[in-house]
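Below: one structure, written as structure tokens.
The numbers here are math on the coordinates, done by the rules we state, and not lab data. Every value quoted in this text rests on a predicted model; they were computed, and no experiment measured them. Virtual Cβ from ideal backbone geometry, glycine too; neighbours counted across all protein chains shown.
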Amino acid sequence: MLCYQCEQTKSGTGCTEIGVCGKTPEVAGLQDLLVYSVKGLASLAHIARNSPAKIEDPAVNTFINGAIFSTLTNVNFADDRFLEFVSEARAHHARLSAKMAAAGVQVPASATEQQVWFGSMPHPLLWNSQAAALGGVGDMLEVAAKTGIAERQRVLGETLAGLQELLVYGLKGVCAYAHHAEALGFTDPTVYAEIQGALHFLNTPGAKDVGQVLDACFKCGATNFKVMEMLSNAHTDTFGHPVPTPVTLNPVPGKAILVTGHDMHDLHMLLEQTAGKGINVYTHGEMLPAHGYPGLKKYPHLVGHFGGAWYRQKIDFAEFPGAVAVTTNCVLDPLQVYKQNIFTINETGLSGVPHIRPDANGHKDFTPIINRALQLPGFTPELIEKRPKKKDVTVGFGHKAVLSVAPQVIQAIQEKRLEHIFLVGGCDGSEPQRKYYSKLYQYMPTNTMVLTLGCGKFRIFDQDFGTLPGTDLPRLLDMGQCNDSYSALVVATELAKVFKTDVNSLPLSLDLSWFEQKAVAVLLTLLHLGVRNIRLGPRLPAFLTPEAVGVLVEKFNLIPANVADPGADMKMMMKNK
Ligand code: FSO
Ligand code: SF4
């Protein structure tokens with residue numbers, strides 16, 4: 001196997017024998033094969049859509065986003081689920097082909113002529129329609145090896161193969177966000193068309209050209225901006241705009257369910273199904289911002305937050321005396337001690353762990369999770385007594401809440417009481433280099449503010465940053481999940497309008513900690529919007545060669561975070577550099 005899609009990749013170059021995340025070579029191979037199959041299906045859907053018959057296939061649209069989402073880091077480790085996905089891709093391909101044939105739409109011969117792209121493999125369009133069924137995992141892995149990154153590096157060279165992966169990883173992030181929005185009933189036909197158009201592009205001769213691939217990456221950033229806006233609207237239309245809300249980190253007596261991941265829709269369904277059952281629901285990791293939404297905080301049994309960032313889950317889940325519901329990444333191979341208590345939902349999967357599937361109407365029956373919670377002891381007064389008491393944290397500073405205090409922020413900037421704003425967004429992880437972010441906060445002068453996003457906030461979310469001098473404004477405002485980067489962009493754009501300037505000229509610095517592919521999508525959005533001087537750390541992506549990094553540095557002044565010296569980075573950022 002070779003996988004280098006996330007920041008924690010082995011030795012900063014690539015996981016080869018087993019993933020640092022725990023991904024087996026079998027799962028890695030099946031994921032490669034799934035992406036290859038989906039590239040073929042996306043090409044077919046693109047050709048169908050752009051044909052005179054204008055064929056749009058909603059089932060294919062939904063499938064592609066879900067299947068791609070399942071290949072993100074820390075989403076799915078179950079090989080049987082990937083076997084299902086691969087055969088579903090082929091079934092969709094056959095169904096759509098039949099629909100096209102019935103409408104008189106043919107795949108032009110020119111679409112499949114670039115065999116060279118895929119080494120010894122056929123064009124992805126042809127692969128899906130090959131009649132021969134594969135015997136099993138062994139056969140599939142043999143095929144998968146021919147579609148993997150190592151083979152593409154051999155055929156295309158490392159820079160081009162890496163830039164194509166930049167596009168694929170950006171699309172993985174877009175698919176994840178679009179899938180969340182779809183769960184709440186929000187879709188946009190142009191988003192499906194753009195995702196599939198980009199996947200199709202990767203099957204064409206244009207994908208041999210570095211310039212065209214980079215353009216496609218920035219276009220992917222534009223699609224992601226649209227998707228983040230759609231997801232933001234999906235959240236706020238469904239659950240209301242977040243409002244500043246204190247959240248307790250201290251559990252209360254009673255049976256308990258912990259909900260982790262990013263999917264607010266699942267949390268909502270679970271709150272509905274547990275109402276009146278004497279079960280308390282806690283958020284974990286990226287679900288923390290849920291407490292700020294009026295439509296979720298109204299449930300009295302959503303009682304608090306438990307635990308820290310995703311990489312601590314083995315400690316958190318082992319300590320939690322109830323059931324655990326996993327809605328999205330980041331999930332890890334479970335310890336035996338809590339394996340009986342954990343359930344996966346949506347695209348997540350763990351071998352040997354029960355998975356909750358939706359019915360034909362999208363309804364998910366969480367009875368197995370509820371029953372497990374009722375069997376487990378929950379939090380007893382004795383257990384609570386043993387735990388250290390913690391202070392509340394405050395969440396809920398979405399763009400509406402932040403813009404409501406904009407006049408105070410603007411006045412503070414004009415009166416030089418507020419010198420600089422930092423946006424420290426992104427993910428957390430266990431590597432020692434990530435201490436850079438913890439230290440960075442210590443160097444922030446008191447006349448600065450910091451906006452946080454994503455699970456990176458867990459480095460400081462329970463610390464008291466006080467208020468901005470001369471105001472009652474907290475210096476630390478958490479804007480939400482990684483996908484709420486949209487809120488940060490709205491705030492930055494509005495501030496730029498007030499100061500009659502552009503985002504790059506504001507006293508604002510972006511220091512991003514990336515981990516997986518949603519962060520790649522957000523980065524591409526920022527680059528598409530022309531944001532410069534972004535710091536990126538703790539390490540640069542392994543899939544970008546020095547040549548590719550050079551292009552981004554030259555075009556956008558992308559700056560590698562100075563993990564060895566956060567104080568030096570702080571000095572530069574205070575000078576807007
Ligand atoms: Fe974190 Fe994981 Fe939200 Fe990521 S929980 S690391 S970028 O999946 O999505 O911030
Ligand atoms: Fe390695 Fe990350 Fe790929 Fe897992 S997802 S195999 S840790 S590069």
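Provide the packing ranking of 242-255, 159-172, i.e. peptides ordered by the mean count of other C-beta atoms within 10 Å per residue, highest first.
Going by the mean number of other Cβ atoms within 10 Å, highest first, we get 159-172, 242-255.
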message = Counting only Cα atoms, I'd like the Rg/Rh figure for the range 282-423, Kirkwood definition for Rh.
response = 1.07
query = By average Cβ neighbour count within 10 Å, what is the ranking of 402-411, 417-426 from highest down?
reply = 417-426, 402-411
remark   = Over its alpha-carbon atoms, the range 335-408 yields an Rg and a Dmax in Å of 19.4, 54
query = With Rg and the Kirkwood Rh both taken from Cα atoms, where does Rg over Rh land for the range 11-65?
reply = 1.21
key: For the range 549-558, 3J(HN,Hα) per residue [Karplus equation, 6.51 cos²θ - 1.76 cosθ + 1.60, θ = phi - 60°, Hz, x = Gly/Pro]   = 4, x, 5, 5, 5, 5, 6, 10, 6, 4
query = So what is log10(I(q)/I(0)) for the chain at q = 0.11 1/Å, when the Debye sum runs over its Cα atoms only?
reply = -1.02
ask   = Between residue 154 and residue 499, what length comes free when the chain is fully extended (0.36 nm per residue of separation minus the Cα-Cα distance, one decimal in nm)?
value = 119.2 nm
ask   = What does the helix-only formula give at 222 nm for the chain: each DSSP H stretch with n ≥ 4 adding -39500 (n - 2.57), the total divided by the residues, and the result rounded to the nearest 500 deg cm²/dmol?
value = -14500 deg cm²/dmol
task = Grab the eigenvalues of the alpha-carbon gyration tensor for the range 398-515, scale each by 5, take roots, and send me the semi-axes largest first in whole angstrom.
result = 23, 16, 13
request  = Provide the gained length on full extension for the span residue 367 to residue 392, in nm with one decimal, where the gain is 0.36 nm per separating residue minus the Cα-Cα distance.
outcome  = 5.9 nm
task = Provide, in order from the shortest bin, the percent of all Cα-Cα pairs of the range 256-298 in each 5 Å bin, continuing until the bin that contains the maximum pair distance.
result = 5, 24, 38, 25, 7, 0
key: Across 500/571; 172/571; 54/208; 497/555; 10/208, pairs whose alpha-carbon gap is larger than 32 Å   = 172/571
message = Can you work out the Karplus-derived ³J(HN,Hα) for every residue in the range 526-533? Use 6.51 cos²θ - 1.76 cosθ + 1.60 with θ = phi - 60°, whole Hz, and x for glycine or proline.
response = 4, 5, 4, 7, x, 6, 10, 6
message = How are the alpha carbon pair distances in the range 1-146 distributed across 10 Å bins from zero to the largest one, expressed in percent?
response = 11, 39, 33, 14, 3, 0
note = Applied in sequence order to the range 408-419, the curve 6.51 cos²θ - 1.76 cosθ + 1.60 (Karplus, θ = phi - 60°) yields integer Hz couplings, x standing for Gly and Pro, of 5, 5, 5, 4, 4, 5, 5, 8, 6, 7, 10, 8
query = Check residue 76: other-chain or 5+ apart residues with amide H under 5 Å from its amide H, H built from backbone geometry?
reply = 349
ask   = In the chain, what percentage of the DSSP-assigned beta bridges are antiparallel, given to the nearest 5?
value = 15
key: Distance from the range 310-343 to the range 188-216 (C-alpha centre basis), Å   = 37
ask   = So what is the orientation-averaged projected area of the range 437-577, using the convex hull of its C-alpha atoms, in nm²?
value = 8.7
remark   = Full extension between residue 84 and residue 462 adds, at 0.36 nm per residue less the Cα distance, a length in nm of 131.9 nm
At R0 = 56 Å, FRET efficiency that the Cβ-Cβ distance of residue 98 and residue 13 yields, to 0.05 = 0.80
task = At q = 0.18, 0.21 Å⁻¹, work out log10 I(q)/I(0) for the range 269-361 with the Debye formula, treating every Cα as an identical point scatterer and leaving solvent out; two decimals please.
result = -0.89, -1.19
Expected-Rg normalisation [2.2 N^0.38 Å, Cα atoms] applied to the range 87-240 = 1.17
Amide H partners (placed H, <5 Å) of residue 302, local residues excluded = 281
message = Taking a virtual spin label 7 Å from the Cα of residue 215 along the C-beta vector, which residues in the range 174-201 bring their backbone nitrogen under 15 Å of it?
response = 198, 201
query = For labels at residue 410 and residue 53 in the simple 7 Å Cα→Cβ model, what's the distance in nm?
reply = 5.5
note = The set of residues whose placed amide H lies less than 5 Å from the amide H of residue 508, leaving out same-chain residues fewer than 5 positions away, is 421
inquiry  = Quick check: the distance between the Cα centres of the range 79-113 and the range 1-34, to the nearest angstrom?
reply    = 27
ask   = Could you give the radius of gyration (one decimal) and Dmax (whole number) of the Cα atoms in the range 193-300, in Å?
value = 19.9, 62
